[in-house]
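First the structure, in the form of structure tokens, and then the observations on it.
The values are calculated or read from the model by the stated rules, or taken from the named source; none is laboratory data. The shown structure was predicted, so the numbers you read here are calculated from the model rather than taken from an experiment. Because the Cβ atoms are built from the backbone with ideal geometry, glycine has one as well, and the counts that use them run over all protein chains shown. Accessible surface areas use protein heavy atoms only, side chains included; no ligands, DNA or RNA. Shrake-Rupley method; radii C 1.70, N 1.55, O 1.52, S 1.80 Å.
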Amino acid sequence: MKHWLRIEAVCASLAIRSRMAYRLDFSLSFIGMFLAHLALPIYIVLLYGVSAGFGEWSIGDMLLLTGTIQLARGATSMIMSGLIWHTNERVQQGTFDLLLLAPVNALGHLLNRSIDFEDSGLFLSGMLVFIIAVVISGITWWQALLLALLASFAIMFFASLYILFAAITVRYISTLRLFEFQDIAAQYAQFPLHIYPSLLATLFITLIPLAVVGYIPVGVVTGHLPMIMLGSLIFPVLFLGFSVWYWHNTLTHYTSAGG
Amino acid sequence: MDIITITDLSKTFKVPKRKEGLKSAIQSVFRRQYETKHAVKNVTFRVRSGEIVGLLGPNGAGKSTIIKALTGILSPTSGEIRVLGFEPFSQRKDYVRHIGALFGQKSQLWWDIPPADSFTLSQHLYEIPKQEFERRKNDLVEKLGIQDIIHKPARNLSLGERMKCEFVMALLHRPKLVFLDEPTIGLDVFAKQAIREFITYTNKEYGTTYILTTHDMDDIEHLAHRVIVISGGEKVFDDSFAALRKIAGVTKHVRVVTQKKVVLPKKGVRGVMHISPYEAQFVLDREILGIRDLVKAIAQKTEIIDLTITDPPVETIIAQLYQAKA
Ligand SMILES: Nc1ncnc2c1ncn2[C@@H]1O[C@H](COP(=O)(O)OP(=O)(O)O)[C@@H](O)[C@H]1O
Ligand SMILES: [Mg+2]
């Protein structure tokens, strides 16, 4: 882990130096990303202000939901968002092979090499949205801390998606389109689970554990859901386990490209 | 001491079968048909510590596949590989620490920053102490004469300059064994020469063992202690360059342009093609007539304006190998 962190730091510094070659592009995309995500809570206040929320869930609760999701997505993006496009690029150029020459864990090194700072904007805005939500909803700082801790399960879920999609990219030389699923997942997670038909709701807790991303942590912390619902947090752990297994399985079947 | 033993290595790929026409295109969406491509077939050889071994063969022969299996990138379909006591694919993480690898068409360098910055990644990946790292880097950089080059962004370098930097990257951790896949591809003669000298130097100085693939006879002639010829995934020859020459002949392809009508000597020249009265193309058998004598003979009659001498393509050599076997 120490070795990995050191390499991460070296790659981060190299990535920044690479990026600095295109300074304007760097700062523009950073600001753009930041503003785009900051607009989310405003959107929610406007939308639910009109529609009077979702049953028991007040606007404050809805903001917490969005805040938690953005916090988790931002944190995940910090180290993982480059993963899919970087993998895609390497597979297409045939340089994925070179990664396997490094005397370290392949997935770990892929994470090292795909670090991309554009998404620090996403992380910052995620934090900001979360803090705004905490203030408006009026929960205590202890509750907020608990929520932030529970967000680590959401990070697990998003990380699993990245790993799964990176593996699919290696296996099927696929498209960057997969990346959009992550956005779609976040959008579905943005609503309280009780608005979905029960079959879908069950699916979102178990096989595709979207609910743990925001609904369950926020529901439990605000008292809308019983504590026992936290048991469902096992599913993102299983999901992560599955993605990592699938990644390793993909490497054993790796065929490189001709030439 | 053998550091590589490959026994009966085979590698097959499953490739989707493509037929023409709309109907079969639609069919293939639902039921893909695969065919098996035998990239490497029952290849067996050994390499001793300190050797420089050349894998020679035309495009698509299976050279890169062998290198990928040797470096732990690909799993063998069947057969056994032992390198430095490791099984490369299953013990990849521990194994690759001891080897170096360079792929002529794939870059290890970060594109937008100077190679000197990229090198620091190797320092940390292989946990080389700072002072030792600087010492090795300076040694390699000096030997290749690229002191200034390593401070320019990689994307501004010529192919030859970049390749020299790739060598530094591949050797910083002092691997005992280095794999080079087409290290001279696309390089001009000067860069080729510099890289060949560098390989010979590290081989002598540090005892580095090299396995290199090429379809350039010159690489083999100037570098390799031993040559393994690969054709259609199979090993068809494994001996010294001198032995290869004995079987495949010592021929050169020559093209000459002259001032007045060109007159060629009778001995040692065959397959003559007169492109014009002043230009001819032919095969020279160097065992019968040397290049010096050839030039002398032509120049006696008329002035030479242009002269190109090239090696016969690998395909010709392989054809001769098959002929000799039959
Ligand atoms: N990943 C792959 N998938 C399918 N076929 C491949 C793959 N890699 C190589 N091949 C095929 O195997 C044969 C040998 O390829 P390669 O080892 O790259 O040859 P060389 O390096 O000698 O040019 C070629 O016919 C090539 O098309
Ligand atoms: Mg090749």
Worksheet item: Over the Cα atoms of chain A, Rg to Rh with Kirkwood Rh, two decimal places?
Response: 0.99
Worksheet item: With a ≥ b ≥ c the root eigenvalues of the C-alpha gyration tensor of segment B:250-310, is it rounded (a/c under 1.5), prolate (a/b larger than b/c) or oblate?
Response: prolate
Item to complete: Within 10 Å of each Cβ in peptide B:123-129, how many partner chain Cβ atoms are there on average? Round it to a whole number, please.
Response: 4
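Averaged across the residues of B:86-95, what count of C-beta atoms belonging to other chains lies within 10 Å of each residue's C-beta? Spell out each step's value before the answer.
Numbers: counts 0, 0, 0, 4, 1, 0, 6, 7, 1, 1.
Mean shielding by partner chains, rounded to a whole number: 2.
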Worksheet entry | Helix-only mean residue ellipticity at 222 nm for chain A, each DSSP H run of n ≥ 4 adding -39500 (n - 2.57), per residue, nearest 500 | -24500 deg cm²/dmol
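How much of the calculated P(r) for the protein assembly as shown lies past 33 Å, in percent of all Cα pairs? Mind dumping the intermediate values first?
Working: 97021 of 170820 pairs.
So the portion of pairs separated by more than 33 Å is 57 percent.
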Practice prompt. Compute the signed sum of charges (Lys and Arg +1, Asp and Glu -1) over the other residues within less than 14 Å, Cβ to Cβ, of A:Leu99.
Written response: +4
Worksheet item: Among A:Val104, A:Val244, A:Val135, which one moves the most in a GNM of chain A with springs linking Cα atoms closer than 10 Å?
Response: A:Val104
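Within 10 Å of each Cβ in B:62-70, how many Cβ atoms from other chains are there, averaged over the peptide?
Average per residue, whole number: 2.
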Worksheet, complete the sentence: Non-local residues with an amide H under 5 Å from the amide H of B:Glu234, with H modelled 1.01 Å from N and Pro and chain starts lacking one, are B:Lys41
Item to complete: Please identify, among B:Thr184, B:Thr209, B:Thr36, the residue showing maximal mean-square fluctuation in a Gaussian network model of chain B using a 10 angstrom Cα cutoff.
Response: B:Thr36
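May I ask you to give the percent of accessible area on the protein assembly as shown that is carbon plus sulfur, with a probe radius of 1.4 Å?
On the way: 16540 of 27800 Å².
Taking all protein chains in place, the protein assembly as shown shows 59 percent carbon and sulfur surface.
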Worksheet item: Taking a threshold of 22 Å on the Cα-Cα distance, which of the pairs B:Lys37/B:Lys68; B:Lys266/B:Lys325; B:Lys246/B:Lys325 fall above it?
Response: B:Lys266/B:Lys325
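What share of the DSSP beta bridges in segment B:49-245 is antiparallel, in percent to the nearest 5?
If we restrict to bridges inside segment B:49-245, about 25 percent are antiparallel.
Please sort B:275-283, B:102-110, A:12-20 by packing, taking for each peptide the average over its residues of neighbouring beta carbons within 10 angstrom, highest first. Don't skip to the end; give the middle numbers.
On the way: B:275-283: 14.7, B:102-110: 20.6, A:12-20: 16.4.
My ranking of the peptides, most packed first, is B:102-110, A:12-20, B:275-283.
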Worksheet entry | Estimated vicinal HN-Hα couplings, Hz - segment A:231-247 in sequence order (Karplus 6.51, -1.76, 1.60; Gly, Pro = x) | x, 5, 5, 5, 5, x, 5, 5, 4, 5, x, 4, 4, 5, 4, 5, 4
Practice prompt. Could you give the size of the charge dipole of the protein assembly as shown about its Cα centre, using +1 on the Cβ of each K and R and -1 on the Cβ of each D and E, expressed in debye and rounded to the nearest 20?
Written response: 1700 debye
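Of B:Arg136, B:Arg174, which has the most accessible area and how do the rest follow, probe 1.4 Å?
On the way: B:Arg136 40, B:Arg174 90 Å².
Descending order: B:Arg174, B:Arg136.
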Worksheet item: Taking B:Lys130 as the anchor, which lysines have their alpha carbon closer than 24 Å to its alpha carbon, excluding any fewer than eight residues away along the same chain?
Response: A:Lys2, B:Lys93, B:Lys143, B:Lys152, B:Lys164, B:Lys176
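Show me you know the interface measure: the accessible area buried between A and B, both chains summed, probe 1.4 Å, in Å² to the nearest 100. Walk me through the numbers before you get to the answer.
On the way: alone 13020 and 17620 Å², together 27800 Å².
The A and B chains share an interface burying roughly 2800 Å².
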Worksheet item: With springs only between Cα atoms under 10 Å, which of A:Leu230, A:Leu161, A:Leu64 fluctuates most in a Gaussian network model of chain A?
Response: A:Leu230
Fill in: the protein assembly as shown, accessible area per residue, ligands and nucleic acids excluded (1.4 Å, Å²)
48 Å²
